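Visitor: Pasting a structure here, questions to come.
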Amino acid sequence: MRQDPSTSAKALDSLTKNQTVFVIDQTDFWYKLRLPNRKEGWIPRWLIDDSNLNNDHDIAVLFKDSTPIYPKKSIHNKAIDKGQKGQILPAYEEDNGWVKVSLKGQFAFVPTEDIELVSATDHLKDDGHNPISEPKRDQNVAKGKKETAQVRVADHYFLKEANILAEPHYTAAMGQKFQYLKTINCDDGSQFYQVKDENGVEGYIESTIAAVLSYSDNHVSSPVAKSLSDAIIMIDPGHGGDDSGATSLDESVFEKNVTLETALEVKKALEATGATVIMSRNNDEFVSLEDRAKRSNAELVDVFLSLHFDANAETSLSGTTTYYYHEADLNLAADMNKALGNLSLPNNGVQFGNYYVIRENNRPCLLLELGYITNNNDLHTIQSKDYRQRVADQITQGLQTYFSRYQTN
Ligand SMILES: [Zn+2]
């Protein structure tokens, strides 16, 4: 078993024949394993009989109906199999409406709305295929552990049911802390946190308005580098490949292409200052949100910026928005938003955003919405080379300001 998914990586341990291990991650040719002694490492896939991947999370998927199973988190992929009503599969995690499951030795994905999450211990232990004997993984939002959800968006209701039209208990205060109980995914794609207030009243808030504070437990509060020229900046062009992102009203322009063109311009401007730039993708390919955040964490980048373009059915909406998740990134958000204010499009300020790539990111990070693809004026602007260059200049400026906070005289 090796430290990294490579045959030249340091060997950590050796496995014995018929030993049972837990698969916690994978690449095309490697599995990341956890041994019963809690050591973790990588092993080539062909070395293990993967007819039943073991799972150390106490969750499983119960199919409510015949449901397609996808190779990636997108319904635009060809389904690789179908789950049958009543069938149960081990599940690894749930994110953004998708559950990662193991199927015939492969990881695959099913839409959360099509399944029910059940206890793996209750449903799988007796068939001998999926022993769940390992201690539970320390998940960010773990069952039983007391978690706090803090409201970060003003003027939203604390609701009596997980439905935006439900009767409210009252309007949740900005900054109000609730005890987090669980996440509810609704059939219409909306998501709620079931929470309890300080008086013990139980109810629901939309997940888009609140941060679960434990996600910030490992988040750093400042960059490692003291100047932009010494910094490693990760630029994340949103979407790519099968995931087109938002589309212009006439369906001729895809967000994934505009984000990449803009990101390449930003890369150029940052490299001109001496900074090292890591791109989550350099061409039109699919990269999972998980891989984007993981890479930022693994490379210990000084700043991570995800670039996007907004879309809304209300086509008059226009301008740029700076989204943060972690309170520690508010300085970065303020500096960046001030710089984006110099662009020709209106500035919608700093807002909280419950987005995977920043929520699961331990490095200083933001998600920038650089204009509305569904607004014809914005669309014209964001496609111009001139705007891309201005965005690149202003992002550079915003980062210069941010790093100047850490310069020692
Ligand atoms: Zn986007």
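Taken together, the values in this text are just the output of simple stated rules run on the coordinates, not laboratory data. Owing to the predicted nature of the structure, the values given are computational and were not obtained by experimental measurement. We place every Cβ from the backbone using ideal geometry, glycine too, and count neighbours over all the protein chains shown.
Visitor: At 0.36 nm per residue, and after removing the present C-alpha to C-alpha distance, how many nm does the segment from residue 405 to residue 386 gain when stretched out fully?
Guide: Length gained, residue 405 through residue 386: 3.9 nm.
Visitor: Another question, then. How big is the dipole moment of region 259-409 about its Cα centre under a simple scheme where the beta carbon of each Lys and Arg is +1, that of each Asp and Glu is -1, and everything else is neutral? Debye, nearest 20, please.
Guide: 280 debye
Visitor: A further question follows. Tell me which residues come under 5 Å, amide H to amide H, from residue 171 once H is placed; ignore anything under 5 positions away on its chain.
Guide: 158
Visitor: Set Lys and Arg Cβ to +1 and Asp and Glu Cβ to -1, take the dipole of region 211-312 about its Cα centre, and tell me which of 240, 275, 263 lies farthest positive.
Guide: Of the options given, the answer is 275.
Visitor: Also: For residue 327 and residue 226, FRET efficiency with R0 = 30 Å and r from the beta-carbon atoms, rounded to 0.05?
Guide: It comes to 0.85.
Visitor: Now for a separate question. Which value, in debye to the nearest 20, gives the size of the charge dipole of the chain about its Cα centre, when Lys and Arg are +1 and Asp and Glu are -1 at the Cβ?
Guide: Dipole about the Cα centre, nearest 20: 1200 debye.
Visitor: Cut-off 17 Å, label point 7 angstrom out along Cα-to-Cβ of residue 298: give me the residues of region 263-280 whose amide nitrogen falls inside.
Guide: 278-280
Visitor: Using 21 Å as the Cα-Cα cut-off, could you pick out the over-long pairs in 146/182; 177/338; 146/177; 146/196; 10/39; 32/267?
Guide: In this structure, 177/338; 32/267 lie more than 21 Å apart at Cα.
Visitor: Tabulate in residue order the Karplus-calculated ³J(HN,Hα) for region 250-267, using 6.51 cos²θ - 1.76 cosθ + 1.60 with θ = phi - 60°, rounded to whole Hz; enter x for Gly and Pro.
Guide: The phi angles translate into 8, 6, 9, 10, 9, 3, 4, 7, 5, 5, 5, 4, 5, 4, 5, 5, 5, 4 Hz.
Visitor: Against the longest alpha carbon principal axis of the chain, how many degrees, from 0 to 90 and to the nearest 10, is the axis of helix 385-404 turned?
Guide: That works out to roughly 80 degrees.
Visitor: With an 8 Å cut-off on Cα pairs and a minimum separation of 6 or more residues, tell me the relative contact order of the chain in percent.
Guide: 11 percent
Visitor: Further, regarding this structure: Could you go through region 64-79 in sequence order and give the Karplus-derived ³J(HN,Hα) for each residue, using 6.51 cos²θ - 1.76 cosθ + 1.60 with θ = phi - 60°, rounded to whole Hz, and x for Gly and Pro?
Guide: 7, 7, 5, 9, x, 10, 10, x, 9, 6, 7, 6, 7, 7, 6, 5
Visitor: What 222 nm value per residue comes from the helices of the chain, counting each DSSP H run with n ≥ 4 as -39,500 (n - 2.57) and dividing by all residues, nearest 500 deg cm²/dmol?
Guide: Rounded to the nearest 500, it is -5500 deg cm²/dmol.
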